[in-house]
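Report on the structure given below.
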């Protein structure tokens, strides 16, 4: 079991890095980046078998960031793991930079370019099926957005994963309940989301996506299930950690200005 106190400190620092990175760029997606921090930390600092010194290692676990607009969250995590220098985050969304606004496969540690929502689970399926065919023991993890779950391709991929009994696949939904134009439930209600995936033949879990104990237990359990892929509905808060961003769809794709950044960082640092 990891040091949860250390993980909480990592979460605070990652939120600072995300906000500073987006503010420096003058554009980005803070809401959905802040909501998935604990999920990414649990994956990269506990569960995955990544090798920053050799990102192409054949037996590495794979991670697909299907909600590619939350690239600031993934890039800051990768920098924290040592995939590239943290100073490079200053180039986020700049012309000619490899750290583009949606996740780009040219970045060390990134498996697939994403941002066209709905595609990531299909890619993860292919990787998981390929592992079984080649008799490899790596796991494949895919993080989706709850608004993204309204895409039809996601459900085709969900059927495919169950059909092929991809027990080496774990899909996680950042279930913050808010998409670009408002509450998910008012735009296209998905409940009961875990129940729908269960009916599709998945092992399903419903957890607190900001509770490290919950996340780690769910990830561990996903590795023990046989003949079924695992779906984790991680209940989160959009803009988590910054009071004036939390639950507000206006912060889906807007960078904080100088005063807003100062206030946000002050709130996060007060919790250290």
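Being at pLDDT 95 or above, surrounded by 15 or more Cβ atoms within 10 Å (Cβ to Cβ) and assigned to a strand (DSSP E or B) narrows it down to one residue among 233, 264; which is it? Even if it seems obvious, please write down each step before you answer.
Numbers: 264 fails: assigned to a strand (DSSP E or B).
Result: 233 is the single residue among 233, 264 that is at pLDDT 95 or above, surrounded by 15 or more Cβ atoms within 10 Å (Cβ to Cβ) and assigned to a strand (DSSP E or B).
Name the single residue that is farthest from the chain's Cα centre (by Cα) among those in segment 128-152 being closer than 19 Å to residue 62 by Cβ, free of Cβ contacts under 8 Å to residues at least 40 places away in the same chain and part of a helix (DSSP H, G or I).
133
Please pick out the residue among 113, 122 that is within 19 Å of the chain's Cα centre (by Cα), without any contact (Cβ under 8 Å) to a residue 60 or more places away in the chain and in a helix (DSSP H, G or I).
122
Would you mind finding the one in 225, 272 that is surrounded by fewer than 17 Cβ atoms within 10 Å (Cβ to Cβ), at pLDDT 95 or above and in a loop (DSSP other than H, G, I, E, B)?
225
Output the number of residues of segment 178-199 satisfying the condition of being surrounded by fewer than 17 Cβ atoms within 10 Å (Cβ to Cβ), outside any helix (DSSP H, G or I) and either touching a strand residue (DSSP E or B) at 6+ places or on another chain (Cβ under 8 Å) or touching a residue at least 24 places away in the same chain (Cβ under 8 Å) (or both).
So the count comes out to 4.
Is there a residue being farther than 27 Å from residue 257 by Cα and in contact with a strand residue (DSSP E or B) (Cβ under 8 Å, 6 or more places away or on another chain) anywhere in segment 68-75?
no
Suppose the filter is assigned to a helix (DSSP H, G or I) and under 13 Å from residue 141 (Cβ atoms); does residue 43 pass it?
Values: assigned to a helix (DSSP H, G or I): yes; under 13 Å from residue 141 (Cβ atoms): yes.
In short, yes.
Please go through segment 44-73 and give me each residue that is closer than 16 Å to residue 22 by Cα and touching a helix residue (DSSP H, G or I) at 6+ places or on another chain (Cβ under 7 Å), ordered by number.
69, 70, 72, 73 - these are the residues of segment 44-73 that are closer than 16 Å to residue 22 by Cα and touching a helix residue (DSSP H, G or I) at 6+ places or on another chain (Cβ under 7 Å).
If only one of 253, 239, 247 is surrounded by 23 or more Cβ atoms within 10 Å (Cβ to Cβ) and assigned to a loop (DSSP other than H, G, I, E, B), which one is it?
Residue meeting the stated conditions: 239.
Would you pick out the residues in segment 45-68 that are crowded, with 22+ Cβ neighbours inside 10 Å and either at pLDDT below 95 or within 11 Å of the chain's Cα centre (by Cα) (or both)?
63, 64, 65, 66, 67, 68
Can you pull out the residues in segment 114-137 that are touching a helix residue (DSSP H, G or I) at 6+ places or on another chain (Cβ under 9 Å), at pLDDT 95 or above and surrounded by fewer than 17 Cβ atoms within 10 Å (Cβ to Cβ)?
136, 137 - these are the residues of segment 114-137 that are touching a helix residue (DSSP H, G or I) at 6+ places or on another chain (Cβ under 9 Å), at pLDDT 95 or above and surrounded by fewer than 17 Cβ atoms within 10 Å (Cβ to Cβ).
For the structure I just gave you, tell me whether residue 78 is over 13 Å from the mean Cα position of the chain (by Cα) and either surrounded by 24 or more Cβ atoms within 10 Å (Cβ to Cβ) or assigned to a helix (DSSP H, G or I) (or both). If you could, list the steps in order and put the result at the bottom.
Working: over 13 Å from the mean Cα position of the chain (by Cα): no; either surrounded by 24 or more Cβ atoms within 10 Å (Cβ to Cβ) or assigned to a helix (DSSP H, G or I) (or both): yes.
No, not satisfied.
Taking segment 81-97, which residues are touching a helix residue (DSSP H, G or I) at 6+ places or on another chain (Cβ under 8 Å) and either surrounded by 17 or more Cβ atoms within 10 Å (Cβ to Cβ) or without any contact (Cβ under 8 Å) to a residue 40 or more places away in the chain (or both)? Walk me through how you get there before you give the answer.
Filtering segment 81-97 for residues touching a helix residue (DSSP H, G or I) at 6+ places or on another chain (Cβ under 8 Å) gives 81, 84-86, 88-90, 92-94, 97.
81, 84, 85, 88, 89, 92, 93, 97, listed by residue number.
Which condition from (1) surrounded by fewer than 22 Cβ atoms within 10 Å (Cβ to Cβ); (2) assigned to a loop (DSSP other than H, G, I, E, B) is the one that residue 23 breaks?
For residue 23, the exception is condition (2).
The values are calculated or read from the model by the stated rules, or taken from the named source; none is laboratory data. In this text, all values refer to a predicted model and were calculated from it rather than measured experimentally. In this analysis, Cβ positions are derived from the backbone assuming ideal geometry, glycine residues included, and neighbour counts consider all displayed protein chains.
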